[in-house]
Amino acid sequence: MEPAGRLKLYAYLDARDHQRTYLAIMRLFTSTLLADLSAGEVAGALAGAEREGRVEPGESRIENVVNRLRQLVEWGNLVQGRREVVASSIAEFQHGSVRYQVSKLAVRVQRDVDELLRVPEGAREVSRELLPAVERGLDRLGRSLSEALISGAPRTREVLAEQVTTLFLQHAELAATVRDFYAYLGQVVTRHHLAAEEISGFRNLLVEYIQMVVEDVLRHTPAIADALARVNSARSELLRLLGRADLGDQVERARGRSAEDWQELTDWFVDRPGRPSQVTALREATARAIGSLLASVKRATSGGGLLPSRRAELLKLAGWFDSGTREQAHELYAAAFGLYSARHVSPAPEHDSDNERTTWRDGPVVDVQVSVRSRGDRGARGRTSRILDDPMTEQSLLAEAREADERRAASVAELAAAAPRLAETTLSGEALGVLCELLTLAMAQRDTADDSGSATDPVRGLRVTVAHAAGRSTRIRSAAGTLTLHDSTLVLD
């Protein structure tokens, strides 16, 4: 099966519809060995799941079951076959003669899914006790290999195969627990907001448990590396004694029967040029985790971020919002953030400013000081920073200001030159920007749409006047596009 076809085996887990039904069917097929079921037998099993509420109502009907089974066959999870049956009707014959079996890869997918659903979200304990077991297993394997090479008896080969399988199973479990533990560790130590009890727990976890894990790994690694070197020196003889599979070349063999398996095991404990071992990666990951935790503690205690208890308080407040009614939520919001209903008793605001009908969501963003945002404290902290004399920066800023002033002067001069034939002139982008700026100020001076308004450049004296003219349109072309004013005339002087 091609890689794209294998990925389709996961399609039923994220199906748009009937996801629970697909999951129940796959669990039914993987719950026993050599499952060989018809659509009717699957429908009977789904009837119980439907009564218990584990699948949607109506999913146990035979026509729906047939559609779900056909879809799983199309995805490659099930294999379709036929068997002779005794039936009393054509429909019963069609449903009973077609049998379904689960494919090998689908069994593995479902097994991984069920295991994933059972795994808790907390840290996984590292199987440290497997390190001495791996060390002893390699020593015994070396002795058994010598005996098998000398005697050549079938019994010694069986013992050798047993020890190799046990060794690789132990290492696979050890490697899996290490990966899961450090994956959880990386998930939590990089969080920016940790509660006080979380910081204390992670500190104990790092200082005590990780130190114990790393010490065990480093203590047993030299002996394991020496034993692997001895076994690898006779690797070809070991693989010859283990022999080829009796089921053909396409069979998936147990671990330890190929040179790649032994190289992978060696790379876990022993460094190679340009390729550090997993033990080295574990040591480096531990150092990074401790550094991340120290940074979190410093961030929480230095006042530069949220206090450790603020996260717990916000989570509690969110829980109150979630469990309360709409009226209670409004009361909580007003009490927690002080956003009570406002009454405007001041004079009317300017035309282009916010009024009492502008919501806080649509209004301008208010700049809140860091001390107020993080600690709710308005008091000044620290001392006033010194003003540094930087002549280079000063001259650079002055040069930028002169260039901006020259560009604006050129734009105003361009507008003044184009004033008599504004409709026929194509303005530059900067000239259009100056015109739009003055036009905005001029239109803001009008109380109604029928009034006229004007605005003047305070430095160079260019005045823009806009007046109402029903049915007339003014078009101003520029390199950036065309500006059209409907029912308006525009005068530059």
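The values are calculated or read from the model by the stated rules, or taken from the named source; none is laboratory data. Since the structure is predicted, the reported quantities are computational estimates derived from the model, not experimental observations. Quick reminder, even Gly has a Cβ in these numbers, built from the backbone with ideal geometry, and neighbours come from all protein chains shown.
Using the structure shown, decide if residue 69 is more than 25 Å from residue 250 (Cβ to Cβ), assigned to a helix (DSSP H, G or I) and at pLDDT 90 or above.
yes
Among the numbered criteria (1) modelled with pLDDT of 85 or more; (2) surrounded by fewer than 14 Cβ atoms within 10 Å (Cβ to Cβ), which single criterion is violated by residue 81?
Result: residue 81 passes all but (1).
Consider only pairs whose beta carbons are under 8 Å apart and that are at least six residues apart or on different chains; among these, list those whose first residue lies in segment 228-241 and is free of Cβ contacts under 8 Å to residues at least 24 places away in the same chain and whose second residue is of a type in the set (Lys, Arg).
Once the first residue is free of Cβ contacts under 8 Å to residues at least 24 places away in the same chain and sits in segment 228-241, its partners that are of a type in the set (Lys, Arg) give 239/257.
Considering only residues that are part of a helix (DSSP H, G or I) and crowded, with 16+ Cβ neighbours inside 10 Å, which ones fall in segment 442-468?
442, 443 - these are the residues of segment 442-468 that are part of a helix (DSSP H, G or I) and crowded, with 16+ Cβ neighbours inside 10 Å.
For every residue, the table says whether it meets (1) of a type in the set (S, T, N, Q); (2) surrounded by fewer than 18 Cβ atoms within 10 Å (Cβ to Cβ); (3) in a helix (DSSP H, G or I); (4) at pLDDT 75 or above.
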{"position": "252", "(1), (2), (3), (4)": "no, yes, no, yes"}
{"position": "264", "(1), (2), (3), (4)": "no, yes, yes, yes"}
{"position": "267", "(1), (2), (3), (4)": "no, yes, yes, yes"}
{"position": "279", "(1), (2), (3), (4)": "no, no, yes, yes"}
{"position": "296", "(1), (2), (3), (4)": "yes, no, yes, no"}
{"position": "319", "(1), (2), (3), (4)": "no, yes, yes, yes"}
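Just one of the numbered conditions (1) farther than 20 Å from residue 107 by Cβ; (2) surrounded by 14 or more Cβ atoms within 10 Å (Cβ to Cβ); (3) at pLDDT below 90 is not true of residue 41; which one?
(1)
Go through 138, 194 for me and flag whichever is assigned to a helix (DSSP H, G or I) and either modelled with pLDDT under 90 or within 27 Å of residue 259 (Cα to Cα) (or both).
Unique residue meeting the criteria: 138.
Six or more apart or on different chains, Cβ under 6 Å: which pairs go from a residue in segment 110-135 that's at negative phi to one that's buried (at least 17 other Cβ atoms within 10 Å of the Cβ) and of a type in the set (Phe, Trp, Tyr)? Could you list them?
123/181; 124/181; 126/181
In the list 33, 13, which residue meets the criterion of being under 26 Å from residue 115 (Cβ atoms), assigned to a helix (DSSP H, G or I) and not β-branched (Val, Ile, Thr)?
Of 33, 13, the one residue that is under 26 Å from residue 115 (Cβ atoms), assigned to a helix (DSSP H, G or I) and not β-branched (Val, Ile, Thr) is 13.
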